[in-house]
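Note sheet for the following structure.
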Amino acid sequence: MKIELKDKKVFFENGGLKKEIHPFWLRERVNSDNFVDKGTQQRLFDPTELRADIEINNLNLSKNYLEVSFNDGTCTKLTIQNILKELSNMNDIKCIDKLEWDSSLKDLNDYEYKENLFEEKAMYQALMNFYQYGFVIFKKVPTKDNFIVNFANSIGSIRKTNFGEFFDVKSKPNPNDLAYTSLPLAPHTDNPYRNPVPCIQILHCIENEVSGGFSTLVDGYTVTQKLKKDFIDHYKILTEIKVRFQFIDQSVVLEDWAEMIQLDEKGDFKQVRFSPRLDFVPLVEKEKLDLYYSARKKISEMYNSDKYRIEFKLSPGDLLMMDNHRLLHGRTSYDANEGNRFLQGCYIDYDSTEGKLKHLKRKFNLSF
Ligand SMILES: [Fe+2]
């Protein structure tokens with residue numbers, strides 16, 4: 001990718017394709033002290049108040065800089081590197097390739113907690129791991145005084161829900177969710193009935209004295225890519241039909257409609273939702289429903305298959321951070337008479353991890 005000048009116009013060339021850079025796009029980036037606050041990088045002017053007929057009067061391109069003066073009397077010196085960075089979306093978390101994994105994944109890539117972890121390079125590596133695999137495990141995280149709240153707020157901000165700022169996962173009488181029993185939990189995503197669905201779940205093991213109660217994870221990305229390859233009609237119907245997900249208890253009724261496999265604007269993977277105790281398909285044509293039910297059965301078989309599931313035991317101090325839009329999680333059953341099994345959980349949103357990762361990338365001058 002490179003920048004070129006011709007007839008008072010700026011072009012960028014990428015893979016043989018040449019496109020003009022809009023003069024207004026450059027004018028918006030005028031960055032001298034009068035125009036941008038150096039601390040916050042926020043504009044000191046409102047670009048919607050600029051004249052619409054911005055044109056370039058003069059241009060000068062050197063190895064590292066592009067100097068431009070405009071017909072409204074302003075001029076700027078922009079670094080080529082910054083322009084190319086914007087044009088290539090190099091700063092976008094989406095550049096981080098998702099790695100597909102299944103039950104053969106052995107190295108869980110865990111990171112040991114220490115006091116300054118959130119400002120260290122190890123945290124950058126842990127978050128990169130999170131975006132590549134959809135989860136990361138931290139060991140030896142303090143278990144006293146609801147430390148999960150400190151942990152979450154050191155990355156970003158806790159996403160509070162009607163389950164509270166954080167929730168205690170242990171078997172209890174009259175539970176409002178199966179999570180609070182000792183029953184097995186099949187792979188599922190959390191809270192598909194919320195709008196927006198919490199992005200990241202954090203589970204912190206405080207006590208685990210039982211022989212069962214293994215944590216399970218399945219990569220929804222891997223499974224849906226496989227479904228797309230082998231069962232395209234099933235894949236398609238699950239990306240098309242918006243299903244109603246619902247949660248009801250004494251104090252709240254939560255509902256949202258969404259596809260089980262949600263794609264982004266380019267048709268690529270965005271999010272999976274799966275919680276077959278909470279989903280209600282709308283009454284559409286019988287033939288469509290035939291296909292939908294067959295597709296749901298197929299994807300359920302895949303999500304529940306040994307082929308895709310990893311299983312591991314969380315020990316006290318272990319903290320699992322997982323992408324709730326990508327991964328499914330569950331647990332095996334346990335016998336509550338054997339002892340305590342006590343996990344604490346909370347949610348954070350993507351802006352937390354993205355903000356922290358970009359900050360550490362900038363701090364250590366690293367790349368995605
Ligand atoms: Fe859950």
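The values are calculated or read from the model by the stated rules, or taken from the named source; none is laboratory data. From a predicted model like this one, the values you see are computed outputs, not experimental measurements. Cβ: placed from backbone, ideal geometry, glycine included. Neighbour counts: every protein chain shown. Surface areas here come from the heavy atoms of the whole protein model, side chains and all, with no ligands, DNA or RNA. Shrake-Rupley method; radii C 1.70, N 1.55, O 1.52, S 1.80 Å.
Quick check on my filter: what residues within the range 20-54 are surrounded by 11 or more Cβ atoms within 10 Å (Cβ to Cβ) and farther than 28 Å from His359 by Cβ? Residues satisfying the conditions are Glu20, Ile21, His22, Pro23, Phe24, Arg27, Leu50, Arg51, Ile54.
Yes or no, residue by residue, for (1) away from the ligand (no atom under 12 Å from the Cβ); (2) assigned to a helix (DSSP H, G or I); (3) within 19 Å of Leu278 (Cβ to Cβ):
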| residue | (1), (2), (3) |
| --- | --- |
| Asp168 | yes, no, no |
| Ser171 | yes, no, no |
| Pro175 | yes, no, yes |
| Ala179 | no, yes, yes |
| Ser182 | yes, no, no |
| Ala186 | no, no, yes |
| Asp190 | no, no, yes |
| Asn195 | yes, no, yes |
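Looking only at the range 213-235, residues that are in a strand (DSSP E or B) and either more than 22 Å from the chain's Cα centre (by Cα) or basic (Lys, Arg) (or both) come to 0 in all. All of (1) part of a helix (DSSP H, G or I); (2) in contact with a Ser or Thr (Cβ under 6 Å, 6 or more places away or on another chain) hold for Ala152 with one exception: (2).
Consider the range 145-166 and keep the residues that are more than 16 Å from the ligand (Cβ to nearest atom) and within 23 Å of Val253 (Cα to Cα). The one that is surrounded by the fewest Cβ atoms within 10 Å (Cβ to Cβ) is Lys160. Kindly list the number of the only condition in (1) closer than 30 Å to Val141 by Cβ; (2) touching a helix residue (DSSP H, G or I) at 6+ places or on another chain (Cβ under 8 Å) that fails for Met260. Condition (1) is where Met260 drops out. The set of residues in the range 250-290 that are touching a Pro at 6+ places or on another chain (Cβ under 6 Å) and among the hydroxyl-bearing types (Ser, Thr, Tyr) contains only Ser275. When residues in the range 167-181 are screened for being modelled with pLDDT of 85 or more and open to solvent by less than 20 Å² (accessible area, probe 1.4 Å), 2 of them pass.
A count restricted to the range 197-212 and to residues that are within 15 Å of the ligand (Cβ to nearest atom), closer than 21 Å to Phe138 by Cα and assigned to a loop (DSSP other than H, G, I, E, B) stands at 2.
Any residue at all in the range 182-190 that is open to solvent by 80 Å² or more (accessible area, probe 1.4 Å), at pLDDT below 95 and over 17 Å from the mean Cα position of the chain (by Cα)? Yes, there is a match, as at least one residue in the range 182-190 is open to solvent by 80 Å² or more (accessible area, probe 1.4 Å), at pLDDT below 95 and over 17 Å from the mean Cα position of the chain (by Cα). Residues in the range 315-347 that are within 15 Å of the ligand (Cβ to nearest atom) and of a type in the set (A, V, I, L, M): Leu320, Met321, Met322, Leu327, Leu328, Leu343.
Return a yes/no flag: does the range 236-256 have any residue that is in a helix (DSSP H, G or I), modelled with pLDDT of 95 or more and of a type in the set (A, V, I, L, M). Within the range 236-256, one or more residues are in a helix (DSSP H, G or I), modelled with pLDDT of 95 or more and of a type in the set (A, V, I, L, M). Those strands (runs of 3 or more DSSP E) of the range 57-144 in which at least 3 residues are touching a residue at least 24 places away in the same chain (Cβ under 8 Å), under 30 Å from Glu207 (Cβ atoms) and open to solvent by less than 80 Å² (accessible area, probe 1.4 Å), considering only elements entirely within it, cover 135-139.
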